[in-house]
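Visitor: Below is the structure I would like to discuss, written out as structure tokens.
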């Protein structure tokens, strides 16, 4: 039985089967394609002795099909039963399903068209064949045609392959049903339905996880999207930690799309982030924030990398670099570093996709935070408003702090971070660390701007900022001690704005 929406390779596969003596049973467009290729195809209606009905909704839902699939060949009563009703065994099913996801993705598609692309007969045949996989070959993936032909030509029953093919069927139909359920939830405007199934496809196996001794693999929600859309142009294979850091790097540069920006990431959080006139300028400014921590980092650019930037990067030990494009010269230069992974492309989040965090016994699900952070709703809460330059630095600091692990404090000046305090248990410690890192790298903190991912619970961080010469602060606000913090800023002559938006990143 051949009935496929994706006809990739099916004619050659069917021709090989026919040459081995297989009879070809088919439906609709697949039958036409087989006949146009000069192959004899028995229409399913000849077997069921019923025409296609209800605009094609009913074709294969019939005992003549499912009896031929489900009858156990090793059970005499089964074989006698189908023989008594003139039902012939069907020993192979080659089916892939109506293009539901592709239909949903079409701009302006109507619900009626989506409904008509919910396959019923296809999943039913696949599930019947997979249940009886020890007797029925079942193929849902055109990439399996070659190895099934090889097994047939060798006369090898290959039960392990049959089980793999059955496994792929149930994974495929589960994914298909998950997409349908998701669409129905979307029609009701429900972001968090009672049950959620997240279909994942293995993108690649990994040598190990966060540490040797932990097995690992990379799965994607949609193969070839997100990190899976990146093309590796050099270096050894990606590791588990590389992929985590790549996500952190792209998260850091997302708010700067449309600008020239560079982020240097260590353990998923920035140790340097800057904008510049070109890739080299942005890289140098980002590196200057914390050149010590940049050793063994992952670097992200919002713009193509040329030879000049590549030469500068090649002077540092870097694990990975990702950019929309690389010049040929840049690829050659970076390729001299055999362990440096070079990733090219744009890894976007698909609109509406949720953020999942694993916990014991379950998963936390949330909407993704906004990639673009604006100053439209900022509120100046101190007696002194920030100057134009301070406001520019505050906007940069606010976008930069969004990708830093909480508790997070960022010091910024002239489109670059100069000090970052990340992942601290108290905000005053994060403030201290940001100043300490800035001064340790030789930066003058006086006149810089400070961004905080959450409110200041006490005035101590403001006092510390004043001691470092910081003149402007951006923070969400919302503390019961906001007035105490504002009073401290006024006392120190610091301009402060509230954003009304928290940016925790745990």
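Computed from the coordinates by the stated procedures, all read-outs in this text should not be read as laboratory data. Nothing here was measured: the structure is a model prediction, and the numbers come from that model. Using ideal geometry, Cβ is built from the backbone for each residue, glycine included, and neighbour counts are taken over all protein chains shown.
Visitor: Using only alpha carbon pairs under 8 Å that are at least six residues apart, calculate the relative contact order of the range 2-187 and give it in whole percent.
Guide: On the way: 225 pairs, mean separation 38.4, N = 186.
Result for the range 2-187 is 21 percent.
Visitor: On to the next question. Can you give the FRET efficiency to the nearest 0.05 for residue 356 and residue 232, using r as the Cβ-Cβ distance and R₀ = 22 Å? Show your work: numbers first, answer last.
Guide: Numbers: r = 25 Å, r/R0 = 1.14.
Working from the Cβ atoms, E equals 0.30.
Visitor: Quote to one decimal, in nm, the extra length available between residue 376 and residue 105 on full extension: 0.36 nm per residue of separation minus the C-alpha distance between them.
Guide: Details: separation 271, 0.36 × 271 = 97.56 nm, distance 3.21 nm.
Length gained, residue 376 through residue 105: 94.3 nm.
Visitor: Could you tell me what percent of the DSSP beta bridges with both partners in the range 315-368 are antiparallel, to the nearest 5?
Guide: Values: 6 of 10 bridges.
Expressed as a percentage, antiparallel bridges in the range 315-368 total about 60.
Visitor: With label points built 7 Å along Cα→Cβ from the Cα atoms of residue 7 and residue 346, find their separation and express it in nm.
Guide: Placing both labels 7 Å beyond Cα along the Cβ direction yields 3.3 nm.
Visitor: Starting from the Cα of residue 223, step 7 Å along the direction of its Cβ; do the same at residue 312; then give the gap between the two resulting points in nm.
Guide: Using points 7 Å along Cα→Cβ, the separation is 4.0 nm.
Visitor: If you don't mind, another one. Evaluate 2.2 N^0.38 Å with N set to the residue count of the range 407-449, then give the Cα radius of gyration divided by it. It would help to have the intermediate numbers written out before the result.
Guide: Values: Rg = 9.5 Å, N = 43, 2.2 N^0.38 = 9.2 Å.
For the range 407-449, the normalised Cα radius of gyration is 1.04.
Visitor: For the chain, what is the per residue volume of the convex hull drawn over the alpha-carbon atoms, in cubic angstrom? Provide the component values of the computation, followed by the final result.
Guide: On the way: hull volume 99.2 nm³, N = 506.
Spread over its residues, the Cα hull of the chain gives 196 Å³ apiece.
Visitor: Residue 171 to residue 115: extension gain in nm, 0.36 nm per residue of separation minus the Cα-Cα distance? Could you put the intermediate results ahead of the total?
Guide: Details: separation 56, 0.36 × 56 = 20.16 nm, distance 2.15 nm.
Using 0.36 nm per residue and subtracting the Cα-Cα distance, I get 18.0 nm.
Visitor: Now for a different question. Would you mind classifying the range 229-344 by shape? Square roots of the alpha carbon gyration tensor eigenvalues, ordered a ≥ b ≥ c; an a/c under 1.5 is rounded, otherwise it is prolate if a/b is larger than b/c and oblate if not. Before the final figure, lay out the partial values.
Guide: Working: a/c = 1.27, a/b = 1.09, b/c = 1.16.
Taking the square roots of the gyration eigenvalues as a ≥ b ≥ c, the range 229-344 is rounded.
Visitor: Of all DSSP beta bridges located in the range 229-344, what percent are antiparallel, nearest 5?
Guide: The antiparallel fraction comes to roughly 60 percent.
Visitor: Round to the nearest 0.05 the FRET efficiency obtained for residue 50 and residue 160 when R0 = 41 Å and r is the Cβ-Cβ distance. Write out the running numbers ahead of the final one.
Guide: Working: r = 37 Å, r/R0 = 0.91.
Working from the Cβ atoms, E equals 0.65.
Visitor: Let me ask you something else. Just report the Cα centroid separation between the range 409-453 and the range 73-130, whole Å.
Guide: Cα centroid to Cα centroid, the span is 60 Å.
Visitor: Rank-order 376-387, 124-135 by packing density, defined as the average count of other C-beta atoms within 10 Å over each peptide's residues, highest first.
Guide: Numbers: 376-387: 14.3, 124-135: 20.8.
With the highest mean Cβ count within 10 Å placed first, the list reads 124-135, 376-387.
Visitor: If each DSSP helix of 4+ residues adds -39,500 (n - 2.57) and the sum is divided by the residues in the chain, what number results at 222 nm, nearest 500 deg cm²/dmol?
Guide: Details: 18 runs with 191 residues, N = 506.
Rounded to the nearest 500, it is -11500 deg cm²/dmol.
Visitor: Which value in nm describes the separation of the simple spin-label points at residue 85 and residue 365, placed 7 Å from the Cα toward the beta carbon?
Guide: So the label points at residue 85 and residue 365 sit 3.9 nm apart.
Visitor: I'd like the FRET efficiency for residue 15 and residue 259, computed as 1/(1 + (r/R0)^6) with the beta carbon distance as r and R0 of 41 Å, rounded to 0.05. Don't skip to the answer; put the middle values down first.
Guide: On the way: r = 55 Å, r/R0 = 1.33.
Efficiency, from the Cβ-Cβ distance: 0.15.
Visitor: For the range 406-506, state the average projected area of the convex hull of the C-alpha atoms over all orientations, rounded to one decimal in nm².
Guide: 5.7
Visitor: Share of antiparallel DSSP beta bridges in the chain, in percent to the nearest 5? List each step's numbers first, then the result.
Guide: On the way: 37 of 62 bridges.
Percentage antiparallel, nearest 5: 60.
Visitor: Relative contact order (percent) for the chain, with alpha-carbon contacts under 8 angstrom and 6 or more residues of separation?
Guide: Numbers: 979 pairs, mean separation 43.1, N = 506.
Relative contact order for the chain comes out at 9 percent.
Visitor: I would also like to ask the following. So what is log10(I(q)/I(0)) for the range 123-192 at q = 0.23, 0.25 1/Å, when the Debye sum runs over its Cα atoms only?
Guide: Results for the range 123-192 at q = 0.23, 0.25 Å⁻¹ read -0.94, -1.05.
Visitor: Sorting check: for 24-35, 187-198, which peptide has the highest mean count of neighbouring beta carbons within 10 Å, and how do the rest follow?
Guide: 24-35, 187-198
Visitor: Moving on to the next point. Test of understanding: what is the full-extension gain from residue 425 to residue 204, defined as 0.36 nm times their sequence separation minus their Cα-Cα distance? Could you put the intermediate results ahead of the total?
Guide: On the way: separation 221, 0.36 × 221 = 79.56 nm, distance 3.58 nm.
Gain on extension, residue 425 to residue 204, equals 76.0 nm.
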